[in-house]
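The values are calculated or read from the model by the stated rules, or taken from the named source; none is laboratory data. Since we're looking at a predicted model, the values are computed, not measured. Cβ coordinates were reconstructed from backbone atoms using ideal geometry, including for glycine residues, and neighbour counts include every protein chain displayed.
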Amino acid sequence: MRTTRDSNSGIAERTEQDDRSARNLTDFLDATREGAVPALLAQTRRRRAEPLAAPGQVLHDVRELHERLRPDWYVVDQIDYATTLALHALDLPFVSYVTGHPTYLVTRDDQFFGLPQAWPSAVRPSQEDLAELAAEVRLTDHAFTAAYERFLHDHAPARPVPARAFALTSPHAAVVNYPEFPWLPPLPPRQEQVFLGHCTAPEELDDAWLDRVRGRRVLLVALGTFLSARHDVLRTVVQGALRIPDLTVVVAAGGRVRELADLATDPRVVVESVVPQRALLPHVAAMVHHGGNNSFTECLEAGVPAVVLPFSSDQFGIAHDAERAGAGVCLDPNAATPEDVAEALRTVLEKPEPFADLRDAVRAAGPARGAARLLEVLAR
């Protein structure tokens, strides 16, 4: 089922989407250029403008699917709000799947979706900016809760209205694609959390890519589906990396290959629209990424240190965790210079196996072990 208007796969700018979604993407990218708080403000205001997309249709589709298949359990993305609400309205048993930072599981009264609970050292907004952001995310919280209340009144009046919409989660269990760090904020107390550590499977690098990286010290640069459009930041990263001798730079440039074509004339630079990230990671010395959950956990599993450039969403919390775990260094993507990038890369490249214990713990977890644990929980 398609349950949202927007899509986050492949290269966002090439994804088939309506004009409104395309404008939203452009506006979001423009906001990231202004800094952390402007990007987060743009995201929360957009959520508030349309709390739920076609929730009645999603309810209809879930009901029809259930009547046809009769599954015992559903697993739903924690931030797929319309589907979570539909499952709640129909009183169907479901497990929440947390694809981002564990703080997507909103628990405390002072926790708000869209307001980072921790910040990395390189990104520290002013108190004034944080106060503005806190006020805006509260408004979004109220708008979502009101939308949930209206929906349940119209479609499932017998079902309880959650006190806070963003806190609606499975009462049974949540699968969390993340390591269970001891410093994480409190999570829902009556819910069993199953931490995966990572959700990767072994992937082999094909011969063509092996020829490009064999015998070289390689830096992988990838900013994710949306943020690969920030070719200005990609350029800064490549310029900094080239200051380190004998370092080959592989860049996932998304739809911005043309803008970086001049850099690709250097024999040490490989610029591609899409790269096989998971298969490449065992062959690289370090990675520069945006603090996305997948990039972070895949680097942990591969034992690859990272320079993290967070722009939005939960990336600031993930960058904080990478620093605290000794798995990476954080830079402000809008303020970093080539020399800053070079210095950060020297820091992570000069530490042999800086987080070997964490790598081993993440590898020992993983999706197979997590699935087995989840089945134990659901069998109770």
### Task
Please tell me if LEU133 is among the hydrophobic types (A, V, I, L, M, F, W, C) and in contact with a Lys or Arg (Cβ under 6 Å, 6 or more places away or on another chain).
no
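Which residues, taken from the stretch 325-372, are in a strand (DSSP E or B) and either among the small types (Gly, Ala, Ser) or more than 19 Å from CYS299 (Cβ to Cβ) (or both)?
Result: GLY328, single match.
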### Single condition ASN294 does not satisfy, out of (1) surrounded by fewer than 24 Cβ atoms within 10 Å (Cβ to Cβ); (2) modelled with pLDDT of 95 or more; (3) farther than 28 Å from PHE113 by Cβ
(3)
#### Entry: Hits in the stretch 260-283 - residues which are farther than 10 Å from TRP209 by Cβ and of a type in the set (Gly, Ala, Ser)
ALA261, ALA264, SER273
#### Entry: Filter result for VAL269 (over 21 Å from THR225 (Cβ atoms), out of contact with any His (no Cβ under 8 Å at 6 or more places or on another chain) and β-branched (Val, Ile, Thr))
yes
### Message
I'm trying to understand the selection: among the residues of the stretch 173-203, which are within 14 Å of GLU301 (Cα to Cα), over 20 Å from the mean Cα position of the chain (by Cα) and in contact (Cβ under 8 Å) with a residue 12 or more places away in the chain?
### Response
GLU203
### Query
So which of HIS283, HIS289 ends up being touching a residue at least 40 places away in the same chain (Cβ under 8 Å), farther than 30 Å from ASN24 by Cα and in the same structural domain as ALA322 (by TED's automatic domain parsing)?
HIS283
### Summary
Over the stretch 95-128, the set of residues in contact with an Asp or Glu (Cβ under 8 Å, 6 or more places away or on another chain), assigned to a loop (DSSP other than H, G, I, E, B) and more than 17 Å from THR44 (Cα to Cα) is THR99, ALA118, PRO120, SER121, ALA122, VAL123
### Task
All but one of (1) at pLDDT 95 or above; (2) of a type in the set (S, T, N, Q); (3) not in a strand (DSSP E or B) hold for GLN193, so report the exception by its number.
(3)
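Residue-by-condition table, conditions (1) of a type in the set (A, V, I, L, M); (2) touching a strand residue (DSSP E or B) at 6+ places or on another chain (Cβ under 8 Å):
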| site | (1), (2) |
| --- | --- |
| PRO171 | no, no |
| VAL176 | yes, yes |
| PRO179 | no, yes |
| LEU184 | yes, no |
| GLY215 | no, no |
| LEU219 | yes, yes |
### Summary
Pairs returned, first residue in the stretch 37-51 that is free of Cβ contacts under 8 Å to residues at least 60 places away in the same chain, second residue that is among the charged types (D, E, K, R) and outside any helix (DSSP H, G or I), beta-carbon separation under 9 angstrom, 6 or more apart or interchain, are GLU50/ARG5
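For every residue, the table says whether it meets (1) under 25 Å from ASP321 (Cα atoms); (2) modelled with pLDDT under 95; (3) part of a helix (DSSP H, G or I).
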site	(1), (2), (3)
THR169	yes, no, no
PRO179	yes, no, no
PRO202	yes, yes, no
TRP209	no, no, yes
ARG212	no, yes, yes
VAL218	yes, no, no
VAL221	yes, no, no
ARG235	no, no, yes
GLY255	no, yes, no
### Message
Among the residues of the stretch 48-89, what is the count of those that are among the small types (Gly, Ala, Ser), part of a helix (DSSP H, G or I) and surrounded by 14 or more Cβ atoms within 10 Å (Cβ to Cβ)?
### Response
3
### Message
Quick check on this structure: which one of GLU136, GLU132, GLU128 is in contact with a Ser or Thr (Cβ under 6 Å, 6 or more places away or on another chain), farther than 18 Å from GLY100 by Cβ and at pLDDT 95 or above?
### Response
GLU136
### Task
Quick one: which residue in ALA134, ALA167, ALA158 is surrounded by fewer than 16 Cβ atoms within 10 Å (Cβ to Cβ), of a type in the set (Gly, Ala, Ser), closer than 21 Å to TYR104 by Cβ and assigned by TED's automatic domain parsing to the domain that holds PRO185?
ALA134
### Task
Return the total of residues in the stretch 218-234 being in contact with an Asp or Glu (Cβ under 8 Å, 6 or more places away or on another chain) and without any contact (Cβ under 8 Å) to a residue 40 or more places away in the chain.
1
